[in-house]
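Encoded as C-alpha cells, the structure appears first; notes follow it.
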Amino acid sequence: MKRILQIDGGGILGIMPAMVLIRLEALLQKVKKKSLAESFDLITGSSTGAIIGGAVAAGVPIQTIADLYIKKGASLFTSRTKWNPGNWLRPKYDRTPFISELNSTRTSDGKLLGELKMKDLKTSFMATAFNLCSQRTHFLKSWDKADKNRPVAEVITWSALSAAYYFGKINVPDFKWTNYSPDGSEKTETGAVFQDGGQGINNNTIHYIHTEILANDWEAKGSLIISLGTGNVSPYVTYAEASKTDFIEQIAKYPFQARNESTMAQVLEARYISQMNRAMKFHRFDTLIQQEENQLDKVELIDRFVEYGRKMADTLDETFVKKNF
C-alpha cells in the first residue's frame, strides 16, 4: 500500500495539523517503531502545509515543527511599524526571520534544513506555488529532474512565504517552466514570480494526489490518503438568507466561489472514491472554527488552536495505526 500525507495551508492555523502529527508519530513509534517520514511514500503541502510537510519529509522532529508555531509564532508574526511611511505600501510581514528559522532547523540526525536539497529528503515531497507568469499553480516535486536539486528551504519559501498582503511575491528570474498554450503548443519560459501556493485552488492538493495515484498505478497496490485541515468556517447559508441574495451580492461573491469550494469539493471527491473503491482509503482530520478565528496570523489565539488540534487528533489510536500502517 502507498501512503500519502496531505496538509492544507493556513498560516498560524498550521498548529492544528502539527498537533495531529505529534499524536500520529507517537503512535507510529510505539506500534511500528517508525517516524513520520518512514511511514509515508509521499507528502504534499501548500503554504503552511509546505513548511510542515517539507520539514517532516526531511526528518525534522514534529515537536520541533510545532514549536516553530507555538513558541515562536508570536515573534515571527510581528508587523512592520506603521509609523514608517516607507512600510505603508509594503507587505505586512518581513519573511527574513521565517527563512532564518527554516534554515537553522535541524533534522533528527543533526542536518540543517537550509543545507538540504529536495533529492536529500527521506521521502517524496511536493509543494505548490502559484506563478504569476503562467497564471497557474506549479507542483514542485523532489523526484522531478527539474526540482530535485533545488534547496528544500527555497521551495518551502516559494510556497509558504509569498502570500499577497502578508509577505509579498518572490521573483525567481532563472526558474524555467513550460508554457502550455490553449492550442496545445508548448514553450519553455524563463522567470517566475511566485505567490503563496494556497492562494489558487490548490490549498488542498487531493486532486494532485489522485493524479499521482493513477499515473503510477498505485490504485492496484492500494493507497491511503491522510488529509489534514487547518480549520474551516462552515459555508452553510440558510435558504431564507440565500434566497434574498441580490444582484450586487451575487457579483461580489463570484470571484471567490471557485477557491472557497475547492477544499470541500476535493474532500468530497476523495470520500466518494474511497466509498466506491475500498483499495483507496481516505481519512480527513479537520474542525469547524469561527469566522474571527479564520485568519493566517491570529497569534493571540495560539493556545486555542493547540486545543483544536488536540481534539482533531482524538480519533487516532493504536487500532488506527495497526489497521492503516
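Report yes if Val299 is within 19 Å of the chain's Cα centre (by Cα) and not basic (Lys, Arg), otherwise no.
So Val299 fits the description; yes.
If the requirement is being part of a helix (DSSP H, G or I), touching a Lys or Arg at 6+ places or on another chain (Cβ under 7 Å) and either farther than 30 Å from Lys30 by Cβ or not basic (Lys, Arg) (or both), which of these qualifies: Val306, Val321?
Val321
Of the numbered conditions (1) out of contact with any helix residue (DSSP H, G or I) (no Cβ under 7 Å at 6 or more places or on another chain); (2) over 19 Å from Leu5 (Cβ atoms); (3) of a type outside the set (A, V, I, L, M); (4) surrounded by 16 or more Cβ atoms within 10 Å (Cβ to Cβ), Thr96 satisfies every one except a single condition; which is it?
Of (1) out of contact with any helix residue (DSSP H, G or I) (no Cβ under 7 Å at 6 or more places or on another chain); (2) over 19 Å from Leu5 (Cβ atoms); (3) of a type outside the set (A, V, I, L, M); (4) surrounded by 16 or more Cβ atoms within 10 Å (Cβ to Cβ), only one is false for Thr96: (4).
Looking at (1) part of a loop (DSSP other than H, G, I, E, B); (2) in contact with a helix residue (DSSP H, G or I) (Cβ under 7 Å, 6 or more places away or on another chain); (3) surrounded by fewer than 19 Cβ atoms within 10 Å (Cβ to Cβ), which is the only condition Gln63 fails?
(1)
When the range 99-131 is examined, which residues are found to be in contact with a helix residue (DSSP H, G or I) (Cβ under 6 Å, 6 or more places away or on another chain), outside any helix (DSSP H, G or I) and polar (S, T, N, Q)?
Across the range 99-131, the qualifying residues are Thr105, Thr107, Thr123, Thr128.
Could you say whether any residue in the range 178-193 is part of a loop (DSSP other than H, G, I, E, B) and either crowded, with 17+ Cβ neighbours inside 10 Å or within 17 Å of the chain's Cα centre (by Cα) (or both)?
Among the residues of the range 178-193, not one is part of a loop (DSSP other than H, G, I, E, B) and either crowded, with 17+ Cβ neighbours inside 10 Å or within 17 Å of the chain's Cα centre (by Cα) (or both), which makes the answer no.
Within the range 272-308, can you find the residues that are more than 23 Å from Gly73 (Cα to Cα) and surrounded by fewer than 16 Cβ atoms within 10 Å (Cβ to Cβ)?
Within the range 272-308, Tyr272, Gln275, Met276, Asn277, Arg278, Ala279 qualify.
Report the residue count in the range 213-234 for those that are assigned to a loop (DSSP other than H, G, I, E, B) and exposed (fewer than 10 other Cβ atoms within 10 Å of the Cβ).
Looking only at that region, the number is 2.
All of the numbers you see were taken from the coordinates with simple rules; none came from a lab. Remember, it's a predicted structure, so these values are computed and weren't measured experimentally. Cβ atoms come from the backbone with ideal geometry, glycine included; neighbour counts cover every protein chain shown.
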